[in-house]
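First up is the structure itself, then whatever we jot down about it.
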Amino acid sequence: MNLSLYFKKFFNNSQASGIVLIFCVLISLLIANSSLAGSFQNFLDKEVGTHLFHLNYPVSIWINDGLMAIFFLLVGLEIKRELVEGELSSFKNASLPIFAAVGGMLVPAVIYSIFNSGTEYSNGWGIPMATDIAFSLAIISMLGKKIPNSIKIFLAALAIVDDLGAILVIAIFYTDQIHWSYLLLSFGVTALLFILNFLKVTKTIFYIIPGLFLWYFLHHSGIHATIAGVLLAFSIPTNASNVEISPLEKLEHQLHIPVSFLIMPVFALTNTNITFSSEMVAGVTSTLGLGIICGLVLGKLIGINLFSMIAIKLKLSSLPQNSNWTQMIGVGLLAGIGFTMSIFIALLSFKGEIVIQDEAKFAILIASFVAAILGFTILSLSSKGNMEPEED
């Protein structure tokens with residue numbers, strides 16, 4: 001399969017940044033369990049910005065809602081390019097990540113509910129539905145050419161759909177109030193972006209400026225603002241020709257290095273500062289902990305592969321090019337890296353319940369670690385002797 005130069009650069013950068021990402025996780029955990037924990041948390045809680053236009057937020061919000069919107073922009077650009085001319089350009093290939101993501105959300109929620117229906121933890125059913133796209137892509141990128149590029153693209157597309165689903169779940173079930181005026185303004189800006197595309201406007205700045213307004217309106221609407229990155233990405237013009245570099249390709253090239261070596265490491269450093277406590281450990285064997293761990297590790301694995309198999313049997317989809325079901329199992333496990341998105345939903349699910357939040361965090365950490373190790377191992381072993389040749 002011919003993969004765009006920019007997509008290969010993205011994954012090559014991610015191989016190196018994956019090491020940096022893991023290092024940042026370890027540093028963050030060390031800080032959170034040392035005398036520096038309080039100071040670091042105070043820094044993350046420090047409000048930065050201006051009260052003008054209500055743009056004064058804690059550092060952690062600027063990172064999770066601001067910088068990560070840029071990450072979603074880059075991944076959205078990659079997905080759009082593959083939809084236009086790459087692995088996802090056929091309906092059968094493009095539909096599989098959607099079916100897989102639906103299964104990967106429904107089955108974990110059902111498993112969690114089986115453990116926790118009727119208990120004080122019942123509201124946390126959305127926790128195991130989420131996939132941490134940054135960490136899952138970093139892990140699979142570290143495999144390099146051991147696995148087909150189509151599997152990497154499949155996971156990226158699946159994770160995007162999964163995160164969009166998680167954002168919808170948060171908006172519908174976990175958001176206290178939707179500000180409809182801001183949401184309507186978001187729809188208006190989105191329409192403007194696609195009108196610019198229709199009119200064949202090629203200057204990237206004419207998309208970036210409305211994109212900033214889109215982020216602002218979505219953030220104030222109550223919906224997770226990172227979706228602005230995906231919407232902006234799909235409005236950027238591209239073409240199926242290799243002769244002329246499109247605005248989409250230019251923006252991809254500009255974003256690769258800062259996303260791989262700045263945004264993702266900062267995101268990891270900020271979001272894995274989990275302070276361990278005895279209550280956390282005790283919560284692992286509770287129905288809360290078991291529901292989260294089984295939901296993320298087993299639920300994602302079963303849901304993604306079951307719904308993929310059904311879609312393929314019905315001839316609605318096809319397996320990613322040059323891939324096999326063992327590799328699909330590995331992808332299903334990597335999708336169980338819930339990490340920050342799952343933690344975010346846990347905080348919304350149990351507002352004010354600090355002990356329950358801590359128990360949920362620890363269970364998510366364990367599940368994500370198990371899913372990462374098993375997924376990486378299975379993908380690595382399944383592909384021995386089947387490495388992709390070097391491409392010029």
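The values are calculated or read from the model by the stated rules, or taken from the named source; none is laboratory data. Because the structure is predicted, anything quoted here is derived from the model rather than measured. Heads up, the Cβs are rebuilt from the backbone with ideal geometry, glycines too, and the neighbour counts pull from every protein chain shown. Calculation scope for accessible area: heavy atoms of the full protein, side chains included, ligands and nucleic acids excluded. Shrake-Rupley method; radii C 1.70, N 1.55, O 1.52, S 1.80 Å.
Using a cut-off of 26 Å between Cα atoms, the listed pairs Lys250/Lys300; Lys92/Lys146; Lys46/Lys80; Lys152/Lys300; Lys152/Lys250 include Lys250/Lys300; Lys46/Lys80 as exceeding that distance.
Positive contributions from Lys and Arg (+1) and negative ones from Asp and Glu (-1), summed over other residues with Cβ under 15 Å from the Cβ of Ser342, come out at -3. Oblate is the label for segment 258-316. Its Cα gyration tensor axes, ordered a ≥ b ≥ c, give a/c of at least 1.5 and b/c at or above a/b.
Among the GluC sites (Glu not before Pro) within segment 78-155, those in coil by DSSP and having at most 14 neighbouring Cβ atoms inside 10 Å are Glu120.
A cut-off under 11 angstrom between Cβ atoms defines the neighbours of Ala130, and their net charge, with Lys, Arg +1 and Asp, Glu -1, is -2. Ligands, DNA and RNA left out, the accessible area of segment 20-383 computed with a 1.4 Å probe is 72% carbon and sulfur.
Close amide-amide hydrogen proximity is noted between Leu55 and Thr50, each under 5 Å apart and 5 or more residues distant or on a separate chain (H modeled in the peptide plane; Pro and chain starts excluded).
Build a GNM of the chain with springs between Cα atoms under 10 Å apart, and of Gly289, Gly86, Gly76 the one that fluctuates most is Gly86. At full extension, Val355 and Glu244 could sit 34.3 nm farther apart than now, given 0.36 nm per residue minus the alpha carbon distance. When the alpha carbon gyration tensor of segment 20-383 is reduced to an equivalent ellipsoid, its three semi-axes come out at 30, 27, 20 angstrom, largest first. Compactness check for segment 95-170: Cα Rg over 2.2 N^0.38 Å is 1.25. Solvent-accessible surface of segment 20-383, taken per residue with a 1.4 Å probe and all protein chains present: 42 Å². Only DSSP H runs of four or more residues enter the estimate; each adds -39500 (n - 2.57), and after division by the residues of the chain the mean residue ellipticity at 222 nm equals -21000 deg cm²/dmol. Would segment 299-358 count as rounded, prolate or oblate if I go by the C-alpha gyration tensor, calling it rounded below 1.5 in a/c and otherwise prolate when a/b exceeds b/c, oblate otherwise? Prolate, because a/c is 1.5 or more and a/b exceeds b/c. Please label the shape of segment 241-372 as rounded, prolate or oblate, based on the square roots a ≥ b ≥ c of the eigenvalues of the alpha-carbon gyration tensor (a/c under 1.5 means rounded; beyond that, a/b larger than b/c means prolate, else oblate). Taking the square roots of the gyration eigenvalues as a ≥ b ≥ c, segment 241-372 is oblate. Bridgeable aspartates and glutamates around Lys203 (alpha carbons under 15 Å apart, same-chain partners fewer than 8 residues away excluded): Glu244, Glu249, Glu252.
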